[in-house]
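Written out below as structure tokens is the structure these notes cover.
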Amino acid sequence: MLPGLRENRVFRFTYAATTAARILSGYKILSMRKKGMSPEEYDRRLRDHHRRNAQRIYRGVLRLQGLMIKIGQTIGSRPDVFPEEYASVLSLLQDKVPPHPWKEMKPHIERELGGPIESVFAKFDRKPVAAASLAQVYKAKLKDGRQVAVKVVYPNSPRLVRTDLRILRGLIWLESRFSNYPLEPVYNELAANVPLEVDMLHEAEAMRAIASTLAYRDDVVIPGIIDEHTSKRILTMEYVDGIKITNLDGLRAAGIDTQVLFPLLVEVYMEQIMRHGHFHADPHPGNLLGLPGNRLGLLDFGLTKKITDDFREAFKLTTRSMFTGDNEGLVRGLKAQGMKLKNEADDASFIASGEFFRAMSDPETYKDKEIVQAVNEAWGEAFKKNPLVDMPGDMTLAMRVFFLLFGLGATVGNNLDLQENNIPQIALKYAQEPETTVHPPVAAPQTQVGATANVSSTAA
């Protein structure tokens, strides 16, 4: 596809809308023919339709690139919501996006570096170790011998982000003509944060800030920044070699205890949100590594969020109430966060939210796909009866974190048998902390590179 055509707003909107129409009309036609089929035949055709549509979306987002790939990544990370055929195909977008060619990237890299690649690096692999929606990552060696990862924003990513945000705004305006669901705060949050994903100086600052708050922990690894070789579109950082967190066989073969690693993952996110109010907001499997010593590696800080102290305290109240069965406190917490229902006298939707999050926080839920589906449907039905009409922007990325973690739980499913569900205890540990409890920032320790296989993506 010609780059100019790909970046044309009308073409992108038309292509995306046509793809969506074909998918939806296909489901409608199949539903109309259902009466003439046996249950087995309908199920087979439905699964075939899921698979074809997943492949259609996969091909489409690769043609369009930009934020469209992030949409595909999100679908592929949510097997708790979307059919397994979608998750199977679109999960490839987490760390297997076809890379941009070297002939395009080399001059772009040298413009950003201000000179030949050889003047900075002793070695620079032409084949990227990972490619994703807005950037790709190369492995390189500095003149002093240090192994580094070099994240390079694609030349056209900033333009595509601007174009796709305009398209998204139009779609949200259209949706608002037919529904009261409050998508405007979601758009505002995305419009404020997504452009920062192509600003490597901002990402470097976010990495340093979150690394500082977690530096007292020896079980979390965040790559250190090489400032002298980092610019607006290039981020050079320490190279971390680890195993993708969904590769359970690889983790176990490397001696990494999944009974330790997965509760650690939950704890690190609870701490970031409820103690520090500044968190990594893109925990899809491509950004989470298992490292020797049962450590967790966090990659890709393009999407992070700082929440207000008032929202953080309301979030803690909601969490405390949720896991202690205090429905009155749960409702107070959600309202204090800024959530508002159409019928403010009816709190049933808020109480259903507590039931949903308690169920999705139990690893046993993910062992039966029918239970997962029933939990999602019950939550959705509650909000159909009394929908949200307002929600805070701070909630958007916090919810994204939890939904991606729920998707991760569904991905590992039956293959991960946690001996006990300690998620409520972990959540309450941080939700019950006094408001003033924080760890003072200290200098981040040097990253220890794990001697394991499977490099995960550091590209957004």
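Just to be sure before I move on: is PHE357 within 20 Å of GLU328 (Cβ to Cβ) and either among the charged types (D, E, K, R) or under 21 Å from the mean Cα position of the chain (by Cα) (or both) in the structure I sent? Spelling it out, PHE357 is indeed within 20 Å of GLU328 (Cβ to Cβ) and either among the charged types (D, E, K, R) or under 21 Å from the mean Cα position of the chain (by Cα) (or both). Note on the range 242-251: residues that are surrounded by fewer than 20 Cβ atoms within 10 Å (Cβ to Cβ) and closer than 20 Å to LYS151 by Cβ total 0.
Just for the range 282-295: of the residues that are crowded, with 24+ Cβ neighbours inside 10 Å and in contact with a helix residue (DSSP H, G or I) (Cβ under 6 Å, 6 or more places away or on another chain), which one is farthest from MET207 (Cα to Cα)? Looking at residues that are crowded, with 24+ Cβ neighbours inside 10 Å and in contact with a helix residue (DSSP H, G or I) (Cβ under 6 Å, 6 or more places away or on another chain), I get GLY290. Examine the range 198-207 for a residue that is of a type outside the set (D, E, K, R) and over 27 Å from SER133 (Cα atoms), and state whether such a residue exists. Checked the range 198-207: no residue is of a type outside the set (D, E, K, R) and over 27 Å from SER133 (Cα atoms).
To keep it simple, each residue is scored yes or no on (1) modelled with pLDDT of 80 or more; (2) buried (at least 17 other Cβ atoms within 10 Å of the Cβ); (3) touching a Ser or Thr at 6+ places or on another chain (Cβ under 7 Å); (4) not basic (Lys, Arg).
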position	(1), (2), (3), (4)
PHE11	yes, no, no, yes
LYS28	yes, no, no, no
GLY36	yes, no, no, yes
VAL81	no, yes, no, yes
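Helices (runs of 4 or more DSSP H) fully within the range 136-227 that include at least 1 residues being modelled with pLDDT of 90 or more, crowded, with 16+ Cβ neighbours inside 10 Å and more than 20 Å from the chain's Cα centre (by Cα): 200-214.
Being on the phi < 0 side of the Ramachandran plot, surrounded by fewer than 22 Cβ atoms within 10 Å (Cβ to Cβ) and in a loop (DSSP other than H, G, I, E, B): is that true of GLU344 here? Show your work before the answer.
Details: on the phi < 0 side of the Ramachandran plot: yes; surrounded by fewer than 22 Cβ atoms within 10 Å (Cβ to Cβ): yes; in a loop (DSSP other than H, G, I, E, B): yes.
When the stated conditions are applied, GLU344 passes them.
Here's the yes/no breakdown for (1) farther than 16 Å from ILE245 by Cβ; (2) in a loop (DSSP other than H, G, I, E, B); (3) at pLDDT below 80:
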| site | (1), (2), (3) |
| --- | --- |
| THR74 | yes, no, yes |
| ALA87 | no, no, yes |
| LEU93 | yes, no, no |
| HIS100 | yes, yes, no |
| PRO107 | yes, no, no |
| GLU110 | yes, no, no |
| GLY115 | yes, yes, no |
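Filtering the range 297-336 to residues that are outside any helix (DSSP H, G or I), out of contact with any Gly (no Cβ under 7 Å at 6 or more places or on another chain) and either free of Cβ contacts under 8 Å to residues at least 24 places away in the same chain or surrounded by 19 or more Cβ atoms within 10 Å (Cβ to Cβ) (or both) leaves LEU298, LEU299, ASP300, PHE301, GLY302, LEU303, THR304, LYS305, GLY325, ASP326. Got at least one residue in the range 402-415 being among the polar types (S, T, N, Q), at pLDDT below 85 and assigned to a loop (DSSP other than H, G, I, E, B)? For the range 402-415, residues among the polar types (S, T, N, Q), at pLDDT below 85 and assigned to a loop (DSSP other than H, G, I, E, B): absent.
Taking first residues from the range 45-70 that are closer than 12 Å to TYR15 by Cα and at pLDDT below 90 and partners that are crowded, with 19+ Cβ neighbours inside 10 Å and among the acidic types (Asp, Glu), the Cβ contacts under 9 Å between residues at least 6 apart in sequence or on separate chains come to LEU64/ASP164; MET68/ASP164. Taking the range 131-159 as the range and being among the charged types (D, E, K, R) and within 16 Å of PRO101 (Cβ to Cβ) as the test, no residue passes. Could you tell me whether any residue of the range 256-277 is assigned to a helix (DSSP H, G or I), surrounded by fewer than 21 Cβ atoms within 10 Å (Cβ to Cβ), free of Cβ contacts under 8 Å to residues at least 24 places away in the same chain and not polar (S, T, N, Q)? Within the range 256-277 (the criterion being assigned to a helix (DSSP H, G or I), surrounded by fewer than 21 Cβ atoms within 10 Å (Cβ to Cβ), free of Cβ contacts under 8 Å to residues at least 24 places away in the same chain and not polar (S, T, N, Q)), the answer is no, since none of the residues qualifies. I'd like to check something: does the range 377-400 contain any residue that is under 22 Å from GLU433 (Cβ atoms), touching an Asp or Glu at 6+ places or on another chain (Cβ under 7 Å) and either buried (at least 17 other Cβ atoms within 10 Å of the Cβ) or β-branched (Val, Ile, Thr) (or both)? Scanning the range 377-400, I find at least one residue that is under 22 Å from GLU433 (Cβ atoms), touching an Asp or Glu at 6+ places or on another chain (Cβ under 7 Å) and either buried (at least 17 other Cβ atoms within 10 Å of the Cβ) or β-branched (Val, Ile, Thr) (or both), so the answer is yes. Just so you know, in the range 117-135 the residues that are assigned to a strand (DSSP E or B) and surrounded by 16 or more Cβ atoms within 10 Å (Cβ to Cβ) include one that is farthest from the chain's Cα centre (by Cα), and it is PHE121.
The values are calculated or read from the model by the stated rules, or taken from the named source; none is laboratory data. Keep in mind that what you see is a predicted model, and the values were worked out from it rather than measured. All Cβ positions, even for glycine, are placed from backbone atoms using ideal geometry, and neighbour counts span all protein chains on display.
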